[in-house]
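Contents: one structure, followed by commentary.
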């Protein structure tokens, strides 16, 4: 005998600067959608970082890349990530790990976030081995020095990187 049981919508909150979005970010969002009903991609406003793309440009690019996926929402936030996650009804935060160095930093963040909002779980997804070396910083650096980042970013991001760099 089977019973249809309603379960609450499970929303994941995936925060970051996404400057620019890479294939690694896309992979984590797609994998997050296998686990959660919805993924909220949350662009953090970080005054301490010199961004290549404005917050609005990054938001538009992510929306373009995921225009085919209604379960992905893109938002911006300032302040505490846990408060933004709570406002958007998230039950978990998704974080990607590329290696041991990422783990130490992410473990500290997760522990602090748990102290601030204990009911918000952190879910770590290991980056696929083909994406271990990919980071937004590296993509920006290689692109600004004239290197080809075509395999590292979606077409929309490549187009806008080339525009920003006058190509």
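None of the figures in this text is laboratory data; all of them are computed from the coordinates on show. Treat the numbers as computed from the prediction; the structure is a model and nothing was measured. Backbone-built Cβ (ideal geometry, glycine too); neighbour counts: all protein chains shown.
Anyone know which of 80, 97, 120 comes out most mobile in the 10 Å Cα GNM of the chain?
80
Using only Cα atoms, find the angle between the long axis of helix 100-116 and the longest principal axis of the chain, and express it within 0 to 90 degrees, rounded to the nearest 10.
50 degrees
Please report the projected area of segment 11-164's Cα convex hull averaged over all directions, in nm².
8.8 nm²
Which order do the peptides 50-59, 141-150 come out in when sorted by mean C-beta neighbours inside 10 angstrom, highest first? List each step's numbers first, then the result.
Numbers: 50-59: 16.0, 141-150: 12.9.
Put in order of decreasing packing, that is 50-59, 141-150.
Once you put a point 7 Å from the Cα of residue 119 and another 7 Å from the Cα of residue 133, both along the Cβ direction, what distance in nm separates them?
Going by the 7 Å Cα→Cβ label model, 4.5 nm.
If one computes the Cα centroid of segment 58-96 and of segment 103-167, what distance in Å separates the two points?
Each part's Cα centre sits 14 Å from the other's.
Against the longest principal axis of the chain, how steep is helix 155-164, in degrees 0 to 90 to the nearest 10, with axes from Cα atoms?
For helix 155-164, the angle is close to 50 degrees.
If you stretched the chain out fully between residue 104 and residue 71, how much longer would it get, using 0.36 nm times the residue separation minus the C-alpha to C-alpha distance?
Using 0.36 nm per residue and subtracting the Cα-Cα distance, I get 8.8 nm.
Tell me the mean residue ellipticity at 222 nm calculated for the chain from its helices only (DSSP H runs of n ≥ 4, each -39500 (n - 2.57), averaged over every residue, nearest 500). Write down the numbers at each step before the final one.
Numbers: 6 runs with 67 residues, N = 167.
When only DSSP H runs of four or more count, the value is -12000 deg cm²/dmol.
Would you mind computing, in nm to one decimal, how far apart the modelled labels at residue 112 and residue 63 are, each placed 7 Å from Cα along Cα→Cβ?
3.0 nm
Provide the FRET efficiency to the nearest 0.05 for the residue 37-residue 83 pair, computing r from the beta carbons and using R0 = 22 Å.
My answer for the efficiency is 0.50.
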